[in-house]
1. Since K99 meets every condition but one in (1) surrounded by fewer than 14 Cβ atoms within 10 Å (Cβ to Cβ); (2) in a helix (DSSP H, G or I), which condition does it not meet?
2. Please go through region 183-225 and pick out each residue that is more than 21 Å from D109 (Cβ to Cβ) and among the charged types (D, E, K, R).
3. For T74, state whether it is within 21 Å of G134 (Cβ to Cβ), β-branched (V, I, T) and either at pLDDT 85 or above or in a loop (DSSP other than H, G, I, E, B) (or both).
4. Determine, yes or no, whether I85 is among the β-branched types (V, I, T) and part of a loop (DSSP other than H, G, I, E, B).
5. Got at least one residue in region 156-173 being of a type in the set (D, E, K, R) and at pLDDT below 95?
6. Of the conditions (1) part of a helix (DSSP H, G or I); (2) farther than 24 Å from E128 by Cβ; (3) of a type in the set (D, E, K, R), R141 clears all except one; give me its number.
7. Among (1) in a loop (DSSP other than H, G, I, E, B); (2) over 17 Å from the mean Cα position of the chain (by Cα); (3) in contact (Cβ under 8 Å) with a residue 60 or more places away in the chain, where does K190 come up short?
8. Please count how many residues of region 10-40 are surrounded by 15 or more Cβ atoms within 10 Å (Cβ to Cβ), in a helix (DSSP H, G or I) and among the aliphatic types (A, V, I, L, M).
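The values are calculated or read from the model by the stated rules, or taken from the named source; none is laboratory data. As the structure is a computational prediction, the values presented were derived from the model and not from experiment. Note that each Cβ is placed from the backbone with ideal geometry, even for glycine, and that neighbours are counted across all protein chains shown.
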Amino acid sequence: MAVTTNKTKAHQRYRLKPINGEKKGKIVPGVTTILGNQLAWNKNVLIAWARREALAGRDPDKVRDEAADSGTCTHYLIECHIKGIEPDLKDFTQAQIDKAETGFLAFLDWEKENRLDYKDIEIGVVSEQYRYGGTVDMIARNNGDLWLIDLKTSRNIYPEHKIQTAAYKYAYEEQEGVEIARCIIVQLSKEDGSFQHHKLSKEQVDDGWEVFRLCRQLYDLQKRFK
């Protein structure tokens, strides 16, 4: 079984089911695209971070891209681990691999504390009703309960992450016809190998879904003004 090592996950296209004789269904926006265009709750934080990096003589864009690539590598190592496949790391630098391996060790420690039966890994989901798509990191059973698990290698967990997870939950439930019992965000440190287990409450998931649903509406309205 092959596992892709490229860095194009963020550019994946999501399509609705074909109708009226279409060969391919219509392309719909992804969760991260919708939130990136409509939600800027952390804008001031990001601006302040970029300013600090620039004042320190570092290129913020390069620092951001390096962090993103090492995060992609962490996800890849985890996917290979679960599928029992030897990773091919030729697309990554040694610095990225070193950080990714630290994040991977954090995942292994988290995994030991949770009895998981993996069901789906890196699964693409599409909501036909709300017309959006996304890629869920993993679906697993824990003591009979179905968990949706989102892996993050960022230094912090932001509101956008919770909103994103809620959107994945609703799309997965619609597509697969099952009910997710818990939404979990696992924060993996690429610096010290620690992890944080964030269980989202029902209120957080419901609020996150409401925010996303409104952002989805704004996304279409914004396109009308262009």
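1. So K99 meets the others, but not (1).
2. Listed by number, the residues that qualify are K202, E203, D206, D207, E210, R213, R216, D220, K223, R224.
3. Values: within 21 Å of G134 (Cβ to Cβ): yes; β-branched (V, I, T): yes; either at pLDDT 85 or above or in a loop (DSSP other than H, G, I, E, B) (or both): yes.
The answer is yes for T74.
4. Working: among the β-branched types (V, I, T): yes; part of a loop (DSSP other than H, G, I, E, B): yes.
Yes, satisfied.
5. First pass over region 156-173, keeping only residues of a type in the set (D, E, K, R): 160, 162, 169, 173.
Imposing the further condition that a residue be at pLDDT below 95 reduces the set to 160.
Within region 156-173, one or more residues are of a type in the set (D, E, K, R) and at pLDDT below 95.
6. With respect to (1) part of a helix (DSSP H, G or I); (2) farther than 24 Å from E128 by Cβ; (3) of a type in the set (D, E, K, R), R141 is out only on (1).
7. (2)
8. 3
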